[in-house]
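The values are calculated or read from the model by the stated rules, or taken from the named source; none is laboratory data. This one's a predicted model, so the numbers in the text were calculated from it and none came from an experiment. Note that we place each Cβ from the backbone using ideal geometry, even for glycine, and neighbour counts take in every protein chain shown.
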Amino acid sequence: AGADGIIVPIHADRFSMRGVSQLQETIKQIRKVHNDSLRILGLLPNDLDLRSGMVSDMQEKFENIYSDILFDTFIPWRSKINEVATHGKNIMEYEGASDAASRYLDLAHEVVERSRIATAA
């Protein structure tokens, strides 16, 4: 059995905006031929530099266009996230009390909730 939901990590930039549009078209084709239940579970804004005004502007555009699939949770850029791969651990093991770990825990809860809603539908 294949996956029914896809989590799409995005950056707050025009390339991701264009990529999401293209991905939606690809998913339509896959649904027709291979898996009619495949859908985007959510768009995950990832590696966001919150100091950048451009990021805020693009985040707002994503909210306006993709509000129905955009996760409420977003992952800001954090050095701890980059460090975990170097240490061969996940963020919960490496720095479980950090803001970064908290964001991923929030995401996990949101994914579970969306999966429940999708299963019930």
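For the reader, a short list of remarks on this structure follows.
So that you can scan it fast, the table gives a plain yes or no per residue for (1) closer than 22 Å to Arg14 by Cα; (2) in a helix (DSSP H, G or I):
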| position | (1), (2) |
| --- | --- |
| Glu25 | yes, yes |
| Leu43 | yes, no |
| Asp47 | yes, no |
| Ser56 | yes, yes |
| Glu60 | yes, yes |
| Asn64 | yes, yes |
| Glu83 | no, yes |
| Glu93 | no, yes |
| Glu113 | no, yes |
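- Looking across the stretch 23-75, the residues that are among the acidic types (Asp, Glu) and surrounded by fewer than 14 Cβ atoms within 10 Å (Cβ to Cβ) come down to Glu25, Asp36, Asp49, Asp57, Glu60, Glu63, Asp68, Asp72.
- Count of residues meeting criterion [touching a residue at least 60 places away in the same chain (Cβ under 8 Å) and small (Gly, Ala, Ser)] in the stretch 14-72: 1
- Selection count, the stretch 81-121, where residues are in contact with a helix residue (DSSP H, G or I) (Cβ under 7 Å, 6 or more places away or on another chain), closer than 30 Å to Arg18 by Cβ and in contact (Cβ under 8 Å) with a residue 12 or more places away in the chain: 4
- The residue that is nearest to Tyr66 (Cα to Cα), among those in the stretch 1-22 that are exposed (fewer than 10 other Cβ atoms within 10 Å of the Cβ) and of a type in the set (Gly, Ala, Ser), is Gly2.
- Selected residue [more than 26 Å from Ala120 (Cβ to Cβ), at pLDDT 90 or above and more than 15 Å from the chain's Cα centre (by Cα)] from Arg18, Arg51, Arg78: Arg18
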